[in-house]
Amino acid sequence: MAARVHTTWRAQEWRREDLEVAAGDVLDGLAVARREAGVAERLAADPWRYLSTLATLGSLDLTVARAAEPHLDAVAVLAQAGHPDLSSLGVDAASTFGVYAARAPGAVLVSRTAADGTTRVDGTKAWCSLSTTVSHALVTVDAGARPGLHAVPLRHPGVVHDDGRWVPRGLAAVRTGSMTLTDVPTVAVGEGDWYLERPGFAWGGIGVAAVWFGAAAAVAGRLVDAARRRPPDQVALLHLGAVDRLLHGALLSLRDAARAIGDGSADGRAGALLAARVRAVVADAAEEVLRAVGHGLGPAPLTADDEHAGRVADLTVYLRQHHAERDLAALGALVLDGEETR
């Protein structure tokens, strides 16, 4: 990748300088994810390496990061499941994964046992990002003979994709829609509620927050660059101070999460509470950074700087994976539950 011509906030403290992005597209994101699979497999042993990898990708290109993160999450899940044999589904070293666990009204997957003893799945799954691009997916199956987490091949003739309503201005290349599965073979990865109850369930959400952080740090870098080009007035310094405070707090939250994962204190209810806190802190910081940089720089970079304008649009869409007040209410419930069990 060509040398970057702009600043990323305090990159030397958290960004992996050995990580490069070639094309800045979905396929490059999947290629990076395959190269970094070992980082995901060792998540529990070296959580900061995992989080800094995702933050670095977020700072470089959000399309790349958005494509890479689910594959890395899938690698971590499969490692935690004991590396189940997925060769019957055509999984090999070149395979790429999505993770589809969202629930939506009318979108239900049902498993059944076929006459030959294999497990098959039928139904609909919503919010399937890049399902027409990746080769396989981990999906949550709601009912039937074997509910739980399953691996499925997405190039099977029984898989029909529908992303016709995907009309975003940010993350436009990360096409997201629903898919209908008919008589599609699966391999069970985790029975029942294993996927939700395993120690590392919350860690995936923290990984997404690391991507948000990296992207916000790159957006904030534009403010630093502007201050270096001409002497900043008091208002410009106020904006710089605000983004530094916000991002410093987000970085400390991610580092604390890595510490908790590493020492084994981020499992179960503690992990859920940690993830909810980290996501709230980082999402709030990223939204406020977007606001401060917009106020500080005005319309020029949004209309004349393609990379910056694209990153702002991408991050705005990606941040909506955080459900704002609803997720804060969920955090409040976790806090109250923790107090009542003491």
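Worth pointing out:
- Between ARG255, ARG228, ARG222, the distinction of being surrounded by fewer than 20 Cβ atoms within 10 Å (Cβ to Cβ) and more than 18 Å from the chain's Cα centre (by Cα) belongs to ARG228 only.
- A count restricted to the stretch 125-164 and to residues that are at negative phi, of a type outside the set (Val, Ile, Thr) and not in a strand (DSSP E or B) stands at 13.
- So GLU17, is it at pLDDT below 95, within 25 Å of GLY262 (Cβ to Cβ), acidic (Asp, Glu) and surrounded by fewer than 16 Cβ atoms within 10 Å (Cβ to Cβ): yes
- Looking across GLY271, GLY332, GLY294, GLY241, one residue alone is surrounded by 13 or more Cβ atoms within 10 Å (Cβ to Cβ) and more than 20 Å from the chain's Cα centre (by Cα). It is GLY294.
- Failed item, numbered, when ILE206 is tested on (1) part of a loop (DSSP other than H, G, I, E, B); (2) among the aliphatic types (A, V, I, L, M); (3) at pLDDT 95 or above: (1)
- Entry remark, the stretch 311-333: residues being touching a residue at least 40 places away in the same chain (Cβ under 8 Å) and assigned to a helix (DSSP H, G or I) number 14 in total.
- Per-region count, the stretch 180-226, residues among the hydrophobic types (A, V, I, L, M, F, W, C) and touching a His at 6+ places or on another chain (Cβ under 9 Å): 12
- Filter result for the condition that a residue is farther than 30 Å from ARG15 by Cβ, touching a residue at least 40 places away in the same chain (Cβ under 8 Å), of a type outside the set (Gly, Ala, Ser) and surrounded by fewer than 17 Cβ atoms within 10 Å (Cβ to Cβ), over THR140, THR118, THR113: THR118
- Residues of the stretch 135-164 classified as out of contact with any Leu (no Cβ under 6 Å at 6 or more places or on another chain) and among the acidic types (Asp, Glu), total: 2
- Residues of the stretch 149-161 satisfying the condition of being under 22 Å from GLU69 (Cα atoms) and either modelled with pLDDT under 95 or out of contact with any helix residue (DSSP H, G or I) (no Cβ under 8 Å at 6 or more places or on another chain) (or both): HIS150, LEU154, ARG155, HIS161
- When each of GLY148, GLY190, GLY200 is tested for being touching a residue at least 60 places away in the same chain (Cβ under 8 Å) and either touching a Ser or Thr at 6+ places or on another chain (Cβ under 9 Å) or under 16 Å from SER111 (Cα atoms) (or both), the lone residue that passes is GLY190.
- Any hit, the stretch 178-188, residues being in contact with an Asp or Glu (Cβ under 7 Å, 6 or more places away or on another chain), among the polar types (S, T, N, Q), assigned to a strand (DSSP E or B) and not assigned by TED's automatic domain parsing to the domain that holds ALA67: yes
- The lone exception for ALA101 - which of (1) assigned by TED's automatic domain parsing to the domain that holds VAL174; (2) under 16 Å from GLU41 (Cα atoms); (3) aliphatic (A, V, I, L, M) it fails: (2)
The values are calculated or read from the model by the stated rules, or taken from the named source; none is laboratory data. Model, not experiment: these values are computed from the prediction. A quick note on method: Cβ atoms are made from the backbone with ideal geometry, for glycine too, and the neighbour counts reach across all protein chains shown.
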